[in-house]
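Reviewing the structure listed below.
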Amino acid sequence: IKIFPATMAALKELANDKKWAGSKFAAASRTGQIKWAYNLLPKFQITPEKTLDDLFSFKEIYPGSKLAHFKKLKKDSGLEYHEMI
């Protein structure tokens, strides 16, 4: 499993650029391989200090609809949909 170079560049910006300081990030995946997906997150090093697991404050990884994922993210984060990117 590899992260696309452009995706890695975006993740590095989120982790390093001060304009994103204080922002919280989420992962939403519709996989049936829940344990496998969670186990992968700490294996992807974004910076020397941060992995994907560290970067994502919220993780919604389970089968189902994206609507369910985003309803849970809304509830857990306290953000309205229009406040999410």
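The values are calculated or read from the model by the stated rules, or taken from the named source; none is laboratory data. Since the model is a prediction, treat every value here as computed from it, not as a measurement. Positions of Cβ are generated from backbone atoms using ideal geometry, with glycine treated the same way; all protein chains shown enter the neighbour counts. All accessible areas refer to the heavy atoms of the entire protein, side chains included, with ligands and DNA or RNA removed. Shrake-Rupley method; radii C 1.70, N 1.55, O 1.52, S 1.80 Å.
For segment 1-34, a tally of residues being under 11 Å from Ile61 (Cβ atoms), open to solvent by 100 Å² or more (accessible area, probe 1.4 Å) and either among the polar types (S, T, N, Q) or assigned to a helix (DSSP H, G or I) (or both) returns 1. Could you list all residues from segment 43-65 that are assigned to a helix (DSSP H, G or I) and either more than 12 Å from Ala27 (Cβ to Cβ) or open to solvent by 60 Å² or more (accessible area, probe 1.4 Å) (or both)? Result: Lys43, Asp54.
In the list Ala37, Ala68, which residue meets the criterion of being part of a helix (DSSP H, G or I), touching a Ser or Thr at 6+ places or on another chain (Cβ under 6 Å) and surrounded by 14 or more Cβ atoms within 10 Å (Cβ to Cβ)? Full working, then the answer.
On the way: Ala68 fails: touching a Ser or Thr at 6+ places or on another chain (Cβ under 6 Å).
Of Ala37, Ala68, the one residue that is part of a helix (DSSP H, G or I), touching a Ser or Thr at 6+ places or on another chain (Cβ under 6 Å) and surrounded by 14 or more Cβ atoms within 10 Å (Cβ to Cβ) is Ala37.
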